[in-house]
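Visitor: Okay, handing you the structure first.
Where a number appears in this text, it was derived from the coordinates with a stated rule and is not lab data. Quick caveat, the model's predicted, so the values are computed rather than measured. Positions of Cβ are generated from backbone atoms using ideal geometry, with glycine treated the same way; all protein chains shown enter the neighbour counts.
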Amino acid sequence: MNPKDLKYSKDHEWIKLQSDNSALIGITEFATDSLGDVVFIELPDVGSKIKQFEKIGEIESVKAVSDIYTPISGEIIEQNTELIDNPELINNSPFEDGWMFKVKNIDSNELTNLMDADEYDKLIED
Amino acid sequence: MTNNLNTTPLYNSHIKLNAKMVDFGGWAMPIQYNSIISESKSVREQSGIFDVSHMGRVKISGEDASKILNKILSINIDKISIGKAKYNLICNKDGGIIDDCIIYKLDNEDFLLIPNASNTKAVLAWIDTFLQKDSNIHINNITLDTVMIAHQGPEALEILQGLASENLQNIKPYSIQSIKLGDIQVSIARTGYTGEDGFEIIANKKDADYLWEQLINIGANPCGLGARDILRLEAALPLHGNEINTTTNPFQANLGRFVDTEKEGYIAKNALDEIFNKGPEKILIGLAISDRIIPRKGHEILINNKKIGDITSGCYSTTLNKPIALGYVPLQFATLNTKVNLNIRGKLIESYICKIPFYKRRKKS
């Protein structure tokens, strides 16, 4: 089930707003299911400025490599360093422990370009 | 997904197990059931079963069978004992590899050839060019009438013994025998493509689901082609279409030991003799990477920013917990520990030439 408190992009990333106007970003369970076992992710360094929907990194599974797109603009302030040694967290806990990075200075207007859980459920059903 | 694709007799069993199905050489095959990592580990630590029914099974029999096979195969069929199998290469006149396959000698005039799925047609067409009107040879493609299951891993023998009518210890590596597994008659060979001990089982397609279920019931883990590719790559076993093809020869792929250079009559003999005497220009090597990024087929191998070769296969080794790759480089660079760079989607990744196979199983004492 896709959590109700998140917003979703058509590229299968999720975003979770934090109280301090920052946000956590990860990929959805649907995405991890089709990727298979993740072994490696590559993200821009902390401090990088990113733009909504642009390609910012790569996620490599045993099967193949895929691009990571950011669902929102902002500045990267943290990467989930747990993923370096335990990339399987993305498969085992895509919406919690498997978060990928945190951004600040987000523009909440951009959230209107994203889907809520019901809309995303519908997208992946089709 | 199954539109225009061949399906094996186990197709429905795979669907029941929620396998992810992919198009592999024109066949709908399971790439994974649950996790490629856990499936490949299960084969190294316990045992796994693979549906390999997409591979060809061709019976070749008759008075002229061995004479014609000796023109086509890189090994001397007359030197194989009855009940034994040999890995060998089917090469064209230039020494290029049409396919690599196993040949079983069931009797003096009775053979079973196992070509790769996507090469079965080409192999049959190639054999055809050696037949004459009066050739006493009968070729029977039984691929679609049978199922083939590989059961591989350190516990394969012990687990399979629970179903077997005979003592499986007596089936030596590269031997084939007819036995009963449960209620059904099968041909069973001590062969495989994973670097582990194990068996390949051929049965009538009507018994496919029963056999598969029995194997799962006694403790074998269903594994897909994703795990199979990692396992064969760890064992540095070549894959036709990657390491070998019609423009590569056995010597550059380190497969010279499967070419009987003394045998007369092999169609590729002259070409292979010449290549052997000159020495191959490039050679297959193993590559180790300390990063976690995975080199894949087609990525470039460089020294001092100059391309020297290409990766033919790469994967994340679940046994060694790091990426590994095979590729070709010119002979002068093919020294152990030579430092190279890999161009992975524009990123230069440090790597070095390492010993192959990457993984070798410990023999039981």
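Visitor: Neighbouring Cβ atoms within 10 Å as the yardstick, rank B:PHE50, A:PHE40 fewest first.
Guide: By the 10 Å Cβ count, ascending: A:PHE40, B:PHE50.
Visitor: Hey, what D do you get for segment B:58-141 in µm²/s if you plug the Kirkwood alpha-carbon radius into Stokes-Einstein at 20 °C and 1.002 mPa s?
Guide: For these conditions, the coefficient is 169 µm²/s.
Visitor: Quick one: net charge of B:ASN76's neighbours, Cβ under 10 Å, K/R +1, D/E -1?
Guide: Counting the neighbours of B:ASN76, the net charge comes to -1.
Visitor: Which of A:LYS63/B:LYS339; B:LYS307/B:LYS347; B:LYS172/B:LYS263 have a Cα-Cα distance over 19 Å?
Guide: A:LYS63/B:LYS339; B:LYS172/B:LYS263
Visitor: While we're looking at this one, here's another question. Looking at chain B, I'd like the Rg to Rh ratio, where Rg is from alpha-carbon atoms and Rh is Kirkwood's inverse mean 1/r.
Guide: Rounded to two decimals, Rg/Rh equals 0.97.
Visitor: Could I ask something else about it? Where is the GNM fluctuation largest for chain A (alpha-carbon springs, 10 angstrom cutoff): A:LYS104, A:LYS16, A:LYS55?
Guide: The residue with the greatest mean-square fluctuation here is A:LYS55.
Visitor: Once you've got the Cα coordinates, tell me which of A:LYS4/A:LYS122; A:LYS104/B:LYS322; B:LYS67/B:LYS206; A:LYS16/B:LYS322 are over 24 Å apart.
Guide: A:LYS104/B:LYS322; B:LYS67/B:LYS206; A:LYS16/B:LYS322
Visitor: Now, a different point. Quote the relative contact order of chain B in percent (integer), defining contacts as alpha-carbon pairs under 8 Å separated by 6+ residues.
Guide: Relative CO of chain B lands at 17 percent.
Visitor: Determine, for B:GLU213, B:GLU109, the number of other Cβ atoms within 10 Å of each Cβ, and report the residues in order from fewest to most.
Guide: Listed from fewest to most nearby Cβ atoms, that is B:GLU213, B:GLU109.
Visitor: Note down the relative contact order for segment B:1-136 as a percent, whole number, built from C-alpha pairs under 8 angstrom at least six residues apart.
Guide: The value is 20 percent.
Visitor: Return the long-range amide H neighbours of B:PHE358 (sequence gap of 5 or more, or a different chain), with a cut-off of under 5 Å between placed amide H atoms.
Guide: The answer is B:ALA236.
Visitor: Place a label point 7 angstrom from the Cα of B:ILE303 along the Cα-to-Cβ direction, then list the residues of segment B:325-365 whose backbone nitrogen is under 12 Å away.
Guide: B:329-341, B:353
Visitor: Kindly put B:LEU10, B:LEU124 in sequence by how many other C-beta atoms sit within 10 Å of each C-beta, fewest to most.
Guide: Fewest to most other Cβ atoms nearby, the residues stand as B:LEU124, B:LEU10.
Visitor: Quick one: check the C-alpha center-to-center distance for segment B:163-198 versus segment B:293-365, whole angstrom.
Guide: What the calculation gives is 35 Å, centre to centre.
Visitor: Just need the relative contact order of segment A:7-125 here, percent rounded to a whole number, with Cα pairs under 8 Å and 6+ apart.
Guide: Once divided by the residue count of segment A:7-125, the mean separation gives 32 percent.
Visitor: Here's something else I'd like to know. Within 14 Å, Cβ to Cβ, of B:LYS206, how many net charges do the neighbouring residues add up to if Lys/Arg are +1 and Asp/Glu are -1?
Guide: -4
Visitor: Between A:THR28, A:THR81, A:THR70, find the one with the highest GNM mean-square fluctuation for chain A; connect C-alpha pairs within less than 10 Å.
Guide: A:THR81
Visitor: List the GluC sites (Glu not before Pro) within segment A:17-104 that DSSP assigns to loop and that have no more than 12 neighbouring Cβ atoms inside 10 Å.
Guide: Passing both the DSSP loop test and the Cβ count: A:GLU54, A:GLU96.
Visitor: Go through segment B:59-76 residue by residue and turn each phi into a ³J(HN,Hα) via Karplus (6.51, -1.76, 1.60, θ = phi - 60°); whole Hz please, and just put x for glycine and proline.
Guide: Per residue, the Karplus-derived 3J(HN,Hα) values read 8, 10, 9, x, 4, 8, 4, 5, 5, 6, 4, 5, 7, 9, 8, 7, 10, 8 Hz.
Visitor: Quick query: amide H of B:ASP310 versus all other amide H atoms, modeled in the peptide plane; which residues come in under 5 Å with a sequence gap of 5 or more or a different chain?
Guide: The answer is B:ILE301, B:TYR328.
Visitor: Another one. Using alpha carbons only, how many angstrom separate the centre of segment A:1-26 from the centre of segment B:3-50?
Guide: Value for the Cα centre distance between the two parts: 34 Å.
Visitor: Tally Lys and Arg at +1 and Asp and Glu at -1 over the other residues with C-beta under 13 Å from the C-beta of B:ILE102: what net charge comes out?
Guide: Its environment carries a net charge of +2.
Visitor: Enumerate by residue number the GluC sites (Glu not before Pro) in segment B:266-308 meeting two conditions: DSSP loop (anything except H, G, I, E, B), and at most 13 other Cβ atoms within 10 Å of the site's Cβ.
Guide: Answer in residue order: B:GLU281.
Visitor: Quick one: 3J(HN,Hα) in Hz for segment B:260-274, Karplus 6.51/-1.76/1.60 with θ = phi - 60°, rounded, Gly and Pro as x.
Guide: Those phi angles translate into 7, 6, 8, 5, 8, x, 5, 4, 9, 4, 4, 4, 5, 4, 5 Hz.
Visitor: Given bins 10 angstrom wide, list per bin the percent of all Cα-Cα distances in segment B:281-365, short to long.
Guide: 19, 55, 20, 5, 1
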